[in-house]
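Peer 1: Sharing a structure, written as structure tokens. Questions coming.
The values are calculated or read from the model by the stated rules, or taken from the named source; none is laboratory data. Treat the numbers as computed from the prediction; the structure is a model and nothing was measured. Cβ coordinates were reconstructed from backbone atoms using ideal geometry, including for glycine residues, and neighbour counts include every protein chain displayed.
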Ligand SMILES: NC(=O)c1ccc[n+]([C@@H]2O[C@H](COP(=O)([O-])OP(=O)(O)OC[C@H]3O[C@@H](n4cnc5c(N)ncnc54)[C@H](OP(=O)(O)O)[C@@H]3O)[C@@H](O)[C@H]2O)c1
């Protein structure tokens with residue numbers, strides 16, 4: 001049996017890159033994403049080519065029982081999930097209140113906090129029994145500030161942030177390190193930002209702001225921060241971390 005890093009939301013931005021980094025640390029990384037089978041296989045092959053252990057599957061994490069059954073299956077067949085990376089985003093575009101449907105609002109909540117609730121409800125007791133575990137939730141500026149036309153996203157991510165705090169309050173003293181990571185800026189992420197912008201605009205953005213300009217947050221550098229969080233000594237745990245490019249204003253200073 002292996003020690004497992006489960007990544008929920010393993011696109012080729014943060015999710016699969018974090019999976020790759022944990023595989024280098026000796027974990028069997030289990031990658032889950034919703035729809036792109038060939039990209040999933042590509043990410044798994046990259047990890048195997050670097051000598052790591054990886055597998056994964058397509059899931060819709062918003063569907064009833066999916067997360068619960070997934071966790072049970074991995075614990076039985078592969079090994080103890082020592083690290084959970086909850087990386088599902090809840091961005092559904094910029095819309096005013098009239099344009100924001102109830103369905104979309106509920107979807108945001110399912111992605112941002114209900115899924116994390118479902119995953120931790122089953123995983124935390126297992127981690128408590130083992131006396132250790134790391135849960136890292138990727139988050140966003142929207143968890144800190146309600147921007148215009150971000151009703152669904154901000155309400156959802158704000159809930160994620162506070163749920164991470166309540167998890168930390170209950171489980172830190174039982175050996176579980178819960179970290180909420182505010183990604184405060186755009187990420188060089190082809191499967192999310194890249195799809196929202198489309199290939200041409202995304203490449204233009206990468207050329208103008210990203211690449212060697214370092215104005216787009218690099219998934220590899222986020223992955224380093226996640227491994228750092230996992231390896232922190234329990235006398236000095238970080239619960240909340242924020243990450244942004246040197247050239248971006250922080251969420252509390254932006255207009
Ligand atoms: N990208 C940014 O600019 C940015 C900025 C700030 C914060 N963040 C945060 O970063 C996290 C996402 O990281 P990322 O943007 O780099 O993306 P990523 O890790 O490259 O990809 C995330 C993946 O989540 C999968 N997914 C979506 N809905 C799902 C569902 N219902 N069930 C299972 N998987 C699902 C998608 O899979 P498929 O593609 O296969 O459908 C997608 O590829 C989110 O927490 C977001 O709030 C991102």
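Peer 1: Can you name the residue in segment 13-26 that is within 13 Å of residue 46 (Cβ to Cβ) and away from the ligand (no atom under 14 Å from the Cβ) and is also surrounded by the fewest Cβ atoms within 10 Å (Cβ to Cβ) among such residues?
Peer 2: Checked segment 13-26; the qualifying residue surrounded by the fewest Cβ atoms within 10 Å (Cβ to Cβ) is 24.
Peer 1: Does segment 119-141 contain any residue that is within 12 Å of the ligand (Cβ to nearest atom), more than 16 Å from residue 157 (Cα to Cα) and crowded, with 18+ Cβ neighbours inside 10 Å?
Peer 2: As a first pass, look at segment 119-141 and keep what is within 12 Å of the ligand (Cβ to nearest atom): 119, 136-141.
Then keep just the ones that are more than 16 Å from residue 157 (Cα to Cα); that gives 119.
Narrowing further to those that are crowded, with 18+ Cβ neighbours inside 10 Å: 119.
So far as segment 119-141 goes, yes, one or more of its residues are within 12 Å of the ligand (Cβ to nearest atom), more than 16 Å from residue 157 (Cα to Cα) and crowded, with 18+ Cβ neighbours inside 10 Å.
Peer 1: Moving on to the next point. Residues to consider are 154, 159; find the one that is under 17 Å from the mean Cα position of the chain (by Cα) and either exposed (fewer than 15 other Cβ atoms within 10 Å of the Cβ) or without any contact (Cβ under 8 Å) to a residue 24 or more places away in the chain (or both).
Peer 2: On inspection, the qualifying residue turns out to be 154.
Peer 1: Write out, first by first residue and then by second, each pair whose Cβ atoms fall under 6 Å of each other, whose residues are 6+ apart or on separate chains, and whose first residue, in segment 215-238, is over 11 Å from residue 179 (Cα atoms) while the second is modelled with pLDDT of 95 or more and loosely packed, with under 14 Cβ neighbours inside 10 Å.
Peer 2: 215/247
Peer 1: Follow-up. Among the residues that make up segment 225-237, is at least one of them farther than 24 Å from residue 84 by Cβ and loosely packed, with under 12 Cβ neighbours inside 10 Å? Show your work before the answer.
Peer 2: Within segment 225-237, the subset farther than 24 Å from residue 84 by Cβ is none.
Among the residues of segment 225-237, not one is farther than 24 Å from residue 84 by Cβ and loosely packed, with under 12 Cβ neighbours inside 10 Å, which makes the answer no.
Peer 1: Still on this structure, I have one more. For segment 100-117, which positions are farther than 17 Å from residue 65 by Cα and in contact (Cβ under 8 Å) with a residue 40 or more places away in the chain?
Peer 2: Within segment 100-117, 100, 104, 105, 108 qualify.
Peer 1: Is at least one residue of segment 58-71 within 24 Å of residue 223 (Cβ to Cβ), loosely packed, with under 14 Cβ neighbours inside 10 Å and within 16 Å of the ligand (Cβ to nearest atom)? Outline the logic, then answer.
Peer 2: Narrowing segment 58-71 to residues within 24 Å of residue 223 (Cβ to Cβ): 58-59, 61, 67, 70-71.
Cutting the leftovers down to loosely packed, with under 14 Cβ neighbours inside 10 Å gives us 58.
Okay, now just the ones that are also within 16 Å of the ligand (Cβ to nearest atom), so 58.
Yes.
Peer 1: Failed condition for residue 146, given (1) surrounded by fewer than 16 Cβ atoms within 10 Å (Cβ to Cβ); (2) assigned to a helix (DSSP H, G or I); (3) free of Cβ contacts under 8 Å to residues at least 24 places away in the same chain, with all others met?
Peer 2: It fails just one condition, (2).
Peer 1: Which condition number in (1) surrounded by fewer than 21 Cβ atoms within 10 Å (Cβ to Cβ); (2) away from the ligand (no atom under 11 Å from the Cβ) is the one that residue 176 fails?
Peer 2: Of the numbered conditions (1) surrounded by fewer than 21 Cβ atoms within 10 Å (Cβ to Cβ); (2) away from the ligand (no atom under 11 Å from the Cβ), the odd one out for residue 176 is (1).
Peer 1: So residue 54 ticks every box in (1) crowded, with 23+ Cβ neighbours inside 10 Å; (2) within 13 Å of the ligand (Cβ to nearest atom) but one. Which box is left unticked?
Peer 2: Answer for residue 54: the failing condition is (2).
Peer 1: List pairs: first residue in segment 49-62 and in contact (Cβ under 8 Å) with a residue 24 or more places away in the chain, second residue loosely packed, with under 14 Cβ neighbours inside 10 Å anywhere in the structure, Cβ distance under 8 angstrom, at least six positions apart or on different chains.
Peer 2: Correct list of pairs: 54/48; 58/35; 58/37.
Peer 1: Residue 167 versus (1) in contact with a strand residue (DSSP E or B) (Cβ under 8 Å, 6 or more places away or on another chain); (2) assigned to a helix (DSSP H, G or I); (3) within 15 Å of the ligand (Cβ to nearest atom): which is the lone unmet condition?
Peer 2: Every listed condition holds for residue 167 apart from (3).
Peer 1: Of the residues that make up segment 75-85, is at least one in contact (Cβ under 8 Å) with a residue 40 or more places away in the chain, within 24 Å of residue 229 (Cβ to Cβ) and within 12 Å of the ligand (Cβ to nearest atom)? Break it down into steps so the answer makes sense when it comes.
Peer 2: We begin by selecting, within segment 75-85, every residue in contact (Cβ under 8 Å) with a residue 40 or more places away in the chain; these are 75, 78-85.
Keeping just the survivors that are within 24 Å of residue 229 (Cβ to Cβ) gives 75, 78-85.
Next, from what is left, pick out any that are within 12 Å of the ligand (Cβ to nearest atom): 85.
Yes, the conditions are met somewhere in segment 75-85.
Peer 1: Picking from 35, 29, which residue would you name as being more than 9 Å from the ligand (Cβ to nearest atom) and in contact (Cβ under 8 Å) with a residue 12 or more places away in the chain? If you could, list the steps in order and put the result at the bottom.
Peer 2: Numbers: 35 fails: more than 9 Å from the ligand (Cβ to nearest atom).
Step by step, each of 35, 29 is checked, and only 29 is more than 9 Å from the ligand (Cβ to nearest atom) and in contact (Cβ under 8 Å) with a residue 12 or more places away in the chain.
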